[in-house]
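Scroll down for the structure; my scribbles are underneath it.
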Amino acid sequence: MRCSGFFGYVKPAWILGLVAFLPAAPRLIAQESPASVVPAPEPVSASDAAPVIARPLAIVPLDTKIPGAAAEVTGALQVYNGRAFIANNGAITAGPATTQVTLPYRGTLRVCASTTVKLAADSSVPAGETPGLMIAMERGAIEASFATGRNSDVLLTPDFRILIGSPGAAEVKVRLGANGDTCVDNAGVNAPYVLVTSVFDGASYRVQPGQRVMFQHGSLHEVVDQEKEPCGCPPAEKGGNEFPLAQSEGLAPTIHPAPITEGPRGQSAQTTDALAYNAADHQPKPAEATPAATAQPAGATVIVPVPPLAPQKKHGFFHGVGRFFKRVFGAE
C-alpha cells in the first residue's frame, strides 16, 4: 500500500514533466544538429577567388586601368583582381605600350610594345630554391631589371642563347631588329655575367659590364662595339606624329609639294593637286616638247621659243579670183 501510494504520488508528477518536455524537444534537437544552422556556401567566381598559386613565376596586369597592362596573357595562370598569376609557364603579349611584369622576390621584366615573350621556370631546380627564368622572343625588345641568383637565367632568340648569371643585379636590355640584328646592353653598376652563344656554330661572345654591342645579321663575327642606338624600349613620343601612319610605316610614298616654275609673261602659274590622278599625264610626250623656262634676273627679256607653224596649202589662180568677186559683191 505504501509503494502504491508512492507511485500514485510520483506518477502524476512524471506525466506533467513529460508533457512539458515534448513541446521543447524539437528546438533542442535543432540546436544540437550543426547541419541545420550552417547555411550552404555561395558559389565564388574564379576572378574573385584568392590566388591559390603560392609562389607565382610572374604577375602581369590585365586591367587597362592598371599601368603597364598587357594585351594578352596565356598559359598556366590564374586571374585575380585584374592581374594574371603565372604558375610555371606562360606567354605575354604587349599592346601599344610597355607591359610591366613583376617577378616576385626578384625584380621587373619590361616587355616593350608589340612584343611577345614566353616565360618558363627551370623545372630541374630542387624545391626551396629560386628557379632560373627562361625567356624566349622572336622579335621586339625587353628590359630585364632583376637580381641574379644561384641558377642562371637564359634568353633565347632565333639566333642566340644569352645567358645571364651571377653575381650582380641584371640591367640587361635586348632588341631584335631586321635581318637578325641583335642589340645587347649590359648596363648597371653591378652588371652580371652575360654570355652570348650562337645557336648555329657554337661561337660565344661575352658582353662586358657597361658594354653595348650590336650583332649584325645574327652573327657573332659581325660585331659593332659601343653601339650608339639604345637596345631597350623606344622612348614614348611626347607629341603627335607629323607624318601619316601609312607613310611612316613605308606603306605609302611621302608626298612632296610640286616645284613652282615661272611661265611666260601674262600667264599665271598653274598647280595640280598632288592626290589627283589624270591618265593623260602619263601618256608619252612628243619629242619636240618645249623645255621648262628657267628663272631670269629682274629686267631681263624672257625669250619663249615658238614652235614652227604648219605649212599652209597653196591655192590656185581661180581661188584668188573667187575671193575677189566675193569682196566686191559683199559676200565676205
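The values are calculated or read from the model by the stated rules, or taken from the named source; none is laboratory data. Model, not experiment: these values are computed from the prediction. Virtual Cβ from ideal backbone geometry, glycine too; neighbours counted across all protein chains shown. For accessibility, only protein heavy atoms count, side chains too; no ligands or nucleic acids. Shrake-Rupley method; radii C 1.70, N 1.55, O 1.52, S 1.80 Å.
Here the condition is being open to solvent by less than 80 Å² (accessible area, probe 1.4 Å), more than 25 Å from THR148 (Cβ to Cβ) and either in contact with a helix residue (DSSP H, G or I) (Cβ under 8 Å, 6 or more places away or on another chain) or modelled with pLDDT of 90 or more (or both); of VAL101, VAL60, VAL79, VAL111, it holds for VAL79 alone. Restricting attention to region 183-202, the residues being open to solvent by 50 Å² or more (accessible area, probe 1.4 Å) and part of a strand (DSSP E or B) number 1.
Within the group GLY232, GLY132, GLY218, which residue is open to solvent by less than 20 Å² (accessible area, probe 1.4 Å) and at positive phi?
Numbers: GLY232 fails: at positive phi; GLY132 fails: at positive phi.
Testing whether each residue is open to solvent by less than 20 Å² (accessible area, probe 1.4 Å) and at positive phi leaves just GLY218.
Among the conditions (1) surrounded by fewer than 18 Cβ atoms within 10 Å (Cβ to Cβ); (2) basic (Lys, Arg); (3) over 17 Å from PRO234 (Cα atoms), ARG139 misses just one, which is (3). For VAL213, the stated conditions do not hold, so it cannot be described as closer than 17 Å to GLU143 by Cβ and either out of contact with any strand residue (DSSP E or B) (no Cβ under 7 Å at 6 or more places or on another chain) or modelled with pLDDT under 95 (or both). Taking only region 63-74 into account, find how many residues are in contact (Cβ under 8 Å) with a residue 24 or more places away in the chain and either surrounded by 17 or more Cβ atoms within 10 Å (Cβ to Cβ) or under 24 Å from MET134 (Cβ atoms) (or both). The qualifying residues number 4.
Search region 87-98 for residues being of a type outside the set (A, V, I, L, M) and under 19 Å from ALA71 (Cβ atoms), and hand back the single one that is most open to solvent (accessible area, probe 1.4 Å).
Going through region 87-98, the residues of a type outside the set (A, V, I, L, M) turn out to be 88-90, 93, 95-96, 98.
Filter once more, keeping what is under 19 Å from ALA71 (Cβ atoms): 89-90, 93, 95-96, 98.
On the way: ASN89: 76, GLY90: 9, THR93: 38, GLY95: 16, PRO96: 135, THR98: 44 Å².
Looking at the filtered set, the residue picked out is PRO96.
All conditions in (1) touching a strand residue (DSSP E or B) at 6+ places or on another chain (Cβ under 6 Å); (2) closer than 29 Å to VAL189 by Cβ; (3) basic (Lys, Arg) hold for ARG55, with the sole exception of (1).
Scanning region 147-168 for residues that are out of contact with any Asp or Glu (no Cβ under 8 Å at 6 or more places or on another chain) and part of a strand (DSSP E or B) yields ALA147, ASP153, VAL154, LEU155, LEU156, PHE160, ARG161, ILE162.
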